[in-house]
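Heads up, the thing below is written out as structure tokens.
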Amino acid sequence: MKATKTIAIIGGGAAGYFCAINAAQWARHNGLSVDIRILESSGQVLKKVKISGGGRCNVTHHCFDVKLFCRNYPRGSRELLSPMLKFQAKDTVEWFRKAGVRLVAEADGRMFPDTNSSQTIVDCFLTLAKQHNIQLMPNSRVQAIEPLAPYQLKLHINNQASFTADAVLVATGSAPGGYHLAESVGHTITERAPSLFSFKIKDPLISGLQGLSFSEAALKLTLPGKQTFKQTGPVLITHWGLSGPAVLKLSAWAAREMKRAGYRGTLTVNWMGAETSGEVENRLKRMKEEHRKSYLKNVYPDDLPKRFWLNLLDQHSIDPEKQWSRISNRELAGIGRALTASPLAVSGQSRFKDEFVECGGVALSEIDFQTMESKVCPGLHFAGEILDVDGITGGFNFQNAWTTGWVAARHMVG
Ligand SMILES: Cc1cc2nc3c(=O)[nH]c(=O)nc-3n(C[C@H](O)[C@H](O)[C@H](O)COP(=O)(O)OP(=O)(O)OC[C@H]3O[C@@H](n4cnc5c(N)ncnc54)[C@H](O)[C@@H]3O)c2cc1C
């Protein structure tokens with residue numbers, strides 16, 4: 001039997017645990033001896049897994065076509081292709097099935113454990129780590145990585161004796177300390193910016209309407225330099241402005257540009273989705289013919305929430321007590337335009353308990369995506385959110401952690 005290989009995992013989060021368990025399984029499968037240690041700076045591991053998906057953990061997305069799947073990463077889509085061909089969402093589902101956790105898909109593709117509880121995923125990882133004798137070192141903040149020689153990396157830990165590992169994984173998520181560790185051995189950290197946030201908007205059209213949603217809106221964001229970004233999908237009115245999948249997706253694709261613009265711009269909303277202002281105006285004219293005696297407050301396009309319709313009439317100084325026969329064509333054209341192109345001023349971003357991630361991280365050109373090993377420091381590997389990879393909401397960020405953690409595990413064991 002070969003000498004025992006020491007594998008150190010910095011960060012007891014999603015990518016760190018997944019890598020540690022897979023490394024142990026791979027070593028056992030090949031009859032190799034490994035000493036795997038997870039070094040976690042805090043007293044609690046898997047914190048984000050626990051709070052993820054509103055406490056349900058959106059583990060992955062039900063899309064088993066790797067090319068299509070990778071399109072959901074504003075940063076990293078090209079680089080993730082090869083690792084995903086080795087371990088993709090379908091493999092995640094199978095991996096968890098073998099571990100006794102059944103993942104089920106919702107209509108929009110998001111996949112959750114069938115218990116609907118993130119604790120199931122936490123328990124699964126903790127049990128497997130224990131079974132494989134993975135050593136957990138809580139309250140162990142790695143402060144420095146000292147490359148002694150290729151594949152000899154000395155780790156300096158707060159208040160504890162340092163030790164040398166043959167292979168190291170840095171899986172510190174978006175913690176600033178992790179980026180410093182990467183920089184200290186020669187890596188570049190790309191521009192960081194929050195991703196997956198809601199837009200702060202104060203506009204009378206949506207004020208007081210929190211909780212209302214639109215199933216298929218079309219959004220166009222224009223930033224001060226005239227740069228534009230477009231998205232379609234569900235939108236939700238909140239206390240602070242607008243949220244929902246279409247807004248979060250827009251925030252991900254425009255993350256860096258919005259940061260540079262100070263989170264100010266104009267969001268033009270087509271509340272009717274794909275319908276043009278002409279089509280909506282014609283629809284309203286037909287309604288006028290069909291409902292001449294009805295009051296505006298009672299009859300309105302059936303895909304609009306009533307409270308929104310009343311706000312819209314108010315914005316156009318149209319009396320809701322008026323009958324449809326008395327609304328002028330000029331007024332109808334104004335409503336048609338407002339429904340298909342409402343310009344709303346964005347004044348900031350807000351992140352509350354939604355899934356949110358950081359874009360930016362270790363430059364992807366410095367990583368070998370066949371192995372997740374650093375090209376500048378032999379023996380050092382990266383996985384998860386520390387990389388300049390981020391996905392839109394829907395399970396894509398965890399899949400990045402599983403895929404890159406799995407690939408790194410295979411290579412670290414050798
Ligand atoms: C509220 C919320 C909900 C989310 N929900 C979802 C979801 O449902 N689905 C989805 O796909 N994604 C979700 N995400 C995103 C997802 O949680 C992250 O993409 C994922 O956790 C990244 O995994 P990671 O292992 O790279 O980092 P993390 O899970 O952040 O783990 C990093 C670990 O490293 C430790 N650490 C940091 N520095 C050091 C150091 N110097 N030494 C030792 N340890 C260190 C940290 O304490 C932490 O435990 C959510 C995010 C948030 C904030």
Quiz prompt | Label-to-label distance, nm, for residues given as E146 and R283 (7 Å Cα→Cβ offset) | solution = 6.8
Quiz item: In whole Å, how far is the Cα centre of the range 349-393 from that of the range 244-319?
Solution: 37
Self-check item: the range 1-119 - percent relative contact order, Cα under 8 Å, separation 6 or more
Solution: 26
Quiz item: Arranged from highest to lowest average of other beta-carbon atoms within 10 Å per residue, in what order do the peptides 269-279, 307-317, 358-368 appear?
Solution: 358-368, 269-279, 307-317
Quiz item: Which FRET efficiency value, to the nearest 0.05, do you get for R326 and D302 by plugging their Cβ-Cβ distance into 1/(1 + (r/R0)^6) with R0 = 25 Å?
Solution: 0.70
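Would you work out the relative contact order for the range 197-353, in percent, from Cα pairs under 8 angstrom that are 6 or more residues apart?
It rounds to 33 percent for the range 197-353.
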Practice problem: Starting from the Cα coordinates of the chain, work out the convex hull volume and express it per residue in Å³. | Solution: 144
Practice problem: Indicate the gyration tensor shape class of the range 80-220 (rounded, prolate or oblate), computed on the Cα atoms with a ≥ b ≥ c the square roots of the eigenvalues: a/c under 1.5 is rounded; otherwise a/b larger than b/c is prolate and the rest oblate. | Solution: oblate
Quiz item: Which loop trypsin sites (Lys or Arg not before Pro) in the range 227-297, with loop taken from DSSP, have no more than 16 other Cβ atoms within 10 angstrom of their Cβ?
Solution: R264, R292, K293, K297
Quiz item: Which of S184, S174, S243 moves the most in a Gaussian network model of the chain with Cα springs under 10 Å?
Solution: S184
Quiz item: Do you know the Lys pair count in the range 295-414 for C-alpha distances under 30 Å, with sequence separation 8 or more or different chains?
Solution: 4
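Between S215 and H291, what's the calculated FRET efficiency when r is the beta-carbon distance and R0 is 25 Å? Round to 0.05. Display every interim value, and only then the final one.
Details: r = 24 Å, r/R0 = 0.94.
With a Förster radius of 25 Å, E is 0.60.
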Exercise. Work out the length of the dipole vector of the chain about its Cα centre, built from +1 on the beta-carbon of each Lys and Arg and -1 on the beta-carbon of each Asp and Glu, and round it to the nearest 20 debye.
Key: 520
Quiz prompt | Degrees between helix 89-98 axis and first principal axis of the chain (Cα, 0 to 90, nearest 10) | solution = 60
Quiz item: Which value in deg cm²/dmol, rounded to the nearest 500, describes the helix-derived mean residue ellipticity at 222 nm for the chain, given -39,500 (n - 2.57) per DSSP H run of n ≥ 4 and division by the residue count?
Solution: -10500 deg cm²/dmol
Exercise. Whole Å is fine, so just give me how far the alpha carbon centre of the range 1-74 lies from that of the range 75-137.
Key: 9
Quiz item: Counting alpha carbon pairs within less than 8 Å and at least 6 residues apart, what relative contact order, in whole percent, applies to the chain?
Solution: 24
Practice problem: Just tell me which aspartates and glutamates come within less than 18 Å, Cα to Cα, of K249; anything on the same chain fewer than 8 places away is out. | Solution: D108, E216, E257, D354, E355, E358, E385, D388, D390
Quiz item: What FRET efficiency, computed as 1/(1 + (r/R0)^6) with R0 = 41 Å and r the Cβ-Cβ distance, is obtained for N133 and D368, rounded to the nearest 0.05?
Solution: 0.90
Quiz item: Pairs K202/K288; K5/K154; K5/K48; K200/K220: which are spaced more than 22 Å apart, C-alpha to C-alpha?
Solution: K202/K288; K5/K48
Self-check item: the range 279-369: C-alpha pair distances exceeding 19 Å, %
Solution: 53
Self-check item: Residue-span extension gain [S184 to D314] - 0.36 nm each, minus C-alpha spacing
Solution: 40.9 nm
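Are there trypsin sites (Lys or Arg not before Pro) in the range 321-414 that DSSP marks as loop and that have at most 11 other Cβ atoms within 10 Å, and which are they? All intermediate terms of the calculation are to be shown ahead of the outcome.
Working: sites: K322, R326, R330, R337, R351, K353, K375, R410; in loops: K322, R351, K353, K375.
Passing both the DSSP loop test and the Cβ count: K353.
Since every read-out is calculated from the coordinates, none of them should be taken as a lab result. Since we're looking at a predicted model, the values are computed, not measured. We place every Cβ from the backbone using ideal geometry, glycine too, and count neighbours over all the protein chains shown.
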